[in-house]
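Written out below as structure tokens is the structure these notes cover.
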Amino acid sequence: MKRTSVYKILLFFCIVFIYQIGYGNTKEHCDELLVSATDEYLARNYIKSLKYLDEAEPILTDNKQRITSLNTRALIYKDLGDYEKSMDYYLEAYKIAVEYHHYKMQSLILNNIAVLYGDTYEPDKAAVYHEKSYNVALKSSDSLSIGSTAINQAQIAVGIGDTASAERYITIAEAYVKNDERVMTYIQVVKSNFLLLKKEYSAAESLVLELLNSGQKIDIRQKNLLFLTLSNIYYEMGDIEKAIDFVQQMLANNHVIEERIMAYEGLSRLYAESGSFMLALQYKDSLLQAKDSLHNISDNERTERYRIRMELLDTERTLAKNKAKQKIERILFISILVFIIISTVILILALRIQSIRNKQRKQIAELELEKEKNQKLILEQKLKEQETSVLLEHERSNNERKEKLLLKQKLKEQVILALLEQERLSNENKQLAAKVLIQSNRNGLIEEIIHRLSKIPIQSEDSQLQLVIRQLKTQLKDSSELNNSIAYFDQINPSFLSSLKEKHPNLSATDIRFLSYLFLNFNTQEIAGLLNMSLGSCKKKRQRLANKMGVETSQLYNYLLSI
């Protein structure tokens, strides 16, 4: 067991050593290279930036790093004026972002493509890609992306005079961006232009002045935009002097030629509006000189860009050769490492197999000895089990005999109990039948005496005879005692009535009473007397009940006994 652990540890350290040699550039190192490439791009050191990107290329470990690398390359070639190559890199990055559902990166790339179309003076396409960027940002959970793309949409809406859309996008941007000071400042700048568009001059003025006096870190470009917005506000309000003052502030310490051209153009127009035509002409001359300077700068920039692009081509060719050489060296190195690791694994496996075989031989010998002991124990156990089985079989036979005797005894007792119960019920039914007959005969006899006495002509005049008749009537029992007899019958024969009602639920109370008398073995004449019916009516009722219950009339009594 210890030797196996040593082999595993040795193999683990061998793999770690090879990984560290062959793949020492980790994800963290790749991120550092990408950050360095971004820093060099921002410093306009495009060649150094591309060198860092080329160094990071072989060790890109995830899709986010690949997208970042492609996006930085696209930005470099955009600045160098190679818009076609820049677009190729953007599309390649966007394809990866779409394939792996990186919505935040999709939104960023679409926004950069919109900026690229803006640089190539295609505002319609730029607006389309800004809108796509915003729609994709909504799918992400990144509030900053949603807010940033929303304010871009608001800026476009302000530019085309769509106040409704501008207001909606500004509201969305303010809801999503709360912690990023730079984007919040941009939102306020766009909002001030929106208020200017709506001719809410006082609100626009207050917002711009609040931004300028808030002490927030506002970059020079945004500050100049605020000065220009204030100038436009005061111009619309008719205060030309303040409008000129803020354009002058924009012009002061501003070395960006494009913004200086905007300032000269604004000042020339404002002085012309105020009637200062000499100053207007002076700034017009400054505007022409600035445009000439911009033209010269553009020529110089184009020359510089061409030089850098040529240098990049040379660098790319050199890097391609180095990559091919490094690839061959890496393949050779990896081949050697693979050979070493395979040899190490084979050696470890051989030692392990040898160790396993030695253990197996020892285990086989121990198993054979253990097998002999077990066989002996098994034989002894079988002998004991056979003896136990014989004893258990003998005991089981005795128990079965006892159980049979007990079962016979129980059956005899149950039969005796059933016979006794049947005899008890029969006696009670006989007593009940006798009681009913006696009561019926007694009442019949009294009724007959009363009937005969009532026919005596002088009975109505004889008070003694009238008294006798009344006493006999008081002794005459009504049908309540017969009803009590039926209730008693229900108590001593509960299963009969419940079974009868269950099998024949359509029987009436009179039918059940008739059948109860029949169950007590009263003949037709006795039942007729009990129910005050004629003998013919009683026979018909018996026949009708037999038909109702689906039984032969002659078998009705036997059927009742079987219920």
Requested in this report: For each pair in 104/217; 191/223; 104/178; 64/217; 27/95, compute the distance between the two Cα atoms and list the pairs where it is over 24 Å.
Outcome: 104/217; 64/217
Query raised in the report: Can you give the FRET efficiency for residue 171 and residue 101, using 1/(1 + (r/R0)^6), R0 = 22 Å, r = Cβ-Cβ distance, to the nearest 0.05?
Result: 0.20
Report task. Run a plain Debye calculation on the stretch 154-198 (Cα atoms as equal point scatterers, no solvent) and give log10 I(q)/I(0) at q = 0.20, 0.22 Å⁻¹, rounded to two decimals, same order as the q list. Result -> -0.55, -0.65
Query raised in the report: What accessible area per residue comes out for the stretch 520-563, rounded to a whole number of Å², with a 1.4 Å probe?
Result: 59 Å²
**Report entry** Of all accessible heavy-atom area on the stretch 486-563, the percent that carbon and sulfur account for (1.4 Å)
**Finding:** 48 percent
Query raised in the report: Nearest 0.05, what FRET efficiency do residue 375 and residue 399 give at R0 = 56 Å with Cβ-Cβ as r?
Result: 0.95
Report summary line: The FRET efficiency for residue 464 and residue 504, from their Cβ-Cβ distance with R0 = 56 Å and rounded to 0.05, is 0.55
**Report entry** Point-to-point label distance, residue 281-residue 28, nm (Cα→Cβ direction, 7 Å offset)
**Finding:** 7.0 nm
Query raised in the report: Accessible area of residue 451, 1.4 Å probe, to the nearest 10 Å²?
Result: 90 Å²
Report task. Could you order peptides 536-544, 345-353, 263-271 by the average number of other Cβ atoms within 10 Å of their residues, highest first? Result -> 263-271, 536-544, 345-353
Query raised in the report: According to a simple spin-label model (label point 7 Å from Cα along Cα-to-Cβ), what is the distance in nm between residue 125 and residue 335?
Result: 4.8 nm
Report summary line: With T = 37 °C, eta = 0.692 mPa s and Kirkwood Rh from C-alpha pairs, the Stokes-Einstein D of the stretch 186-231 in µm²/s is about 318 µm²/s
Query raised in the report: Sorted by packing (mean other beta-carbon atoms within 10 Å per residue), highest first, where do 202-211, 66-75 land?
Result: 66-75, 202-211
Requested in this report: Let me know the Rg and Dmax you get for the stretch 499-545 when you use only its Cα atoms, in Å.
Outcome: 10.6, 30
Report summary line: Averaging 1/r across every pair of distinct alpha carbons in the stretch 89-190 and inverting yields a Kirkwood hydrodynamic radius, in angstrom, of 13.6 Å
Report summary line: Result for the stretch 80-146: accessible area per residue, probe 1.4 angstrom, in square angstrom, of 54 Å²
Report summary line: The answer for the stretch 23-77, accessible area per residue at 1.4 Å probe in Å², is 49 Å²
Report task. Kindly sort 41, 557, 77 by accessible area of their heavy atoms, largest first, with the probe set to 1.4 Å. Result -> 557, 41, 77
Query - Segment residue 47-residue 553, extension gain: residue separation times 0.36 nm, minus the distance between their alpha carbons - result: 169.9 nm
Report summary line: Using alpha carbon centers only, the stretch 182-198 is separated from the stretch 384-411 by a whole-angstrom value of 104 Å
Requested in this report: Quantify, in whole percent, the carbon and sulfur part of the accessible surface of the stretch 66-210 (1.4 Å probe; protein heavy atoms only).
Outcome: 51 percent
Report task. Taking all protein chains together and a probe of 1.4 Å, list 504, 394 from the most accessible to the least accessible. Result -> 394, 504
Query raised in the report: Ranked highest first by the average count of other Cβ atoms within 10 Å around their residues, in what order do 363-375, 218-230 fall?
Result: 218-230, 363-375
Report task. Could you tell me whether the stretch 157-264 comes out rounded, prolate or oblate from its Cα gyration tensor? Rule is a ≥ b ≥ c as square roots of the eigenvalues, rounded for a/c under 1.5, then prolate if a/b exceeds b/c, otherwise oblate. Result -> oblate
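The values are calculated or read from the model by the stated rules, or taken from the named source; none is laboratory data. Not measured: the values here are computed from a predicted model. Note that each Cβ is placed from the backbone with ideal geometry, even for glycine, and that neighbours are counted across all protein chains shown. Calculation scope for accessible area: heavy atoms of the full protein, side chains included, ligands and nucleic acids excluded. Shrake-Rupley method; radii C 1.70, N 1.55, O 1.52, S 1.80 Å.
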